[in-house]
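> The structure follows.
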C-alpha cells in the first residue's frame, strides 16, 4: 500500500511538473469563462474585457511569469496571415448573405436601436478580449506541448459559449473555431482571428438591421 501511494504521488508530481503551465491555462481559462457567464460585471463590454482579457493577462504575469506578448499579442507573421484573412472574409461574406434569410437569425440580431458606429466600437473591445482568451491565452498557452492539438482544444469552449444562440450559428462555430485557431496558429498571432471574427459579426449584424430592420 505504501509503495502504491508513493508511486501514485510520484506520478502525480511528474505530471504536474510536465504540464504545470497547461494545467494553469486550462483551469483558469475555464474558470473565467464560467464566471463571466454566471457573474457578469456591470455590462457586456466591461465584463468581457475583465474576464477574457485582463484576468488572463494577470495569470500570465503572476502565475506563469511569462510575457503576455508571447500569447499571440504580437503581430506574428502578417505576410502569412493577411492572405488568409482576405480570402476567408470574402467567402464568409457570401455565406453570411445567404444566412441572412434565416428567420431565427433575423429575430435574434434585429435591434430597433442599432447604431453601426457605437456597435462597432463596443464590439471591438469585447471581441478582442474574447479572441485573446481562445486564440491567445488558451491556444498559445497550450501549443508548446500540444502543437496543432491546441487548435482543437481552443475550439471547444468557443463552441460552448454559443449554446444560447440560434442553432445554425452554434453549429457553425465548430468550423469557424477551427479556422480561427488554425489561422492564429499559422500566423503566430491572435490578431487575424480577431479581424476575421470582427468582420463576420459586424457585417452580418449590419446586414440584418439595415436590410430587414
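> Using the alpha-carbon atoms, what tilt in degrees (0 to 90, nearest 10) does helix 2-38 show relative to the longest principal axis of the chain?
Its long axis makes an angle of about 20 degrees.
> Here's something else I'd like to know. Compute the angle between helix 78-99 and the longest alpha-carbon principal axis of the chain, please, reported from 0 to 90 degrees and rounded to the nearest 10.
The two axes meet at around 50 degrees.
> Note the angle between two axes, namely the Cα long axis of helix 116-132 and the longest principal axis of the Cα atoms of the chain, as a number of degrees from 0 to 90, rounded to the nearest 10.
Helix 116-132 and the main axis of the chain meet at about 20 degrees.
> Would you mind estimating how fast the stretch 126-213 diffuses translationally, via Stokes-Einstein at 4 °C and 1.567 mPa s with the Kirkwood radius over Cα pairs, in µm²/s? Please report the intermediate quantities before stating the final value.
Working: Rh = 13.3 Å.
Answer from the Stokes-Einstein relation: 97 µm²/s.
> Listed highest first by mean packing, meaning other Cβ atoms within 10 Å per residue, what order do 187-199, 129-141, 85-97, 25-37 come in?
Numbers: 187-199: 22.9, 129-141: 27.4, 85-97: 14.2, 25-37: 17.4.
Packing order, densest peptide first, comes out as 129-141, 187-199, 25-37, 85-97.
> Work out, step by step, the length gained on full extension between residue 206 and residue 61: first 0.36 nm times the residue separation, then minus their alpha carbon distance; give nm to one decimal. Show your work: numbers first, answer last.
Values: separation 145, 0.36 × 145 = 52.20 nm, distance 3.78 nm.
Here the answer is 48.4 nm.
> At what distance in nm do the modelled label points of residue 174 and residue 118 sit from each other, each positioned 7 Å from its Cα along Cα→Cβ?
3.8 nm
> How would you classify the stretch 59-130 from its alpha-carbon gyration tensor, with a ≥ b ≥ c the square roots of the eigenvalues: rounded for a/c under 1.5, else prolate if a/b is greater than b/c, otherwise oblate?
Values: a/c = 2.83, a/b = 1.61, b/c = 1.76.
Cα axes put the stretch 59-130 in the oblate bin.
> Another question, if that's okay. For the stretch 86-182, what Kirkwood radius comes out of the mean inverse Cα-Cα distance, in Å? Spell out each step's value before the answer.
Working: mean 1/r = 0.0666 Å⁻¹.
Mean inverse Cα-Cα distance, inverted, gives 15.0 Å.
> Can you give me the relative contact order of the stretch 2-211 as a percent, contacts being Cα pairs under 8 Å and 6 or more apart? Could the numbers behind the result be given before it?
Numbers: 214 pairs, mean separation 63.7, N = 210.
Over the stretch 2-211, the number comes to 30 percent.
> Give me D for the stretch 19-176 in µm² s⁻¹, whole number, from Stokes-Einstein with Rh from the Kirkwood sum over alpha-carbon pairs, 25 °C and 0.890 mPa s.
Values: Rh = 17.2 Å.
D, rounded to a whole number, is 143 µm²/s.
> Rounded to the nearest 0.05, what FRET efficiency is calculated for residue 111 and residue 156 with R0 set to 35 Å and r the Cβ-Cβ distance? Could the numbers behind the result be given before it?
On the way: r = 29 Å, r/R0 = 0.84.
Efficiency computed from Cβ-Cβ geometry: 0.75.
Here, each number is a calculation from the coordinates, and none is a lab measurement. Everything quoted here is computed from the prediction, not taken from an experiment. Cβ: placed from backbone, ideal geometry, glycine included. Neighbour counts: every protein chain shown.
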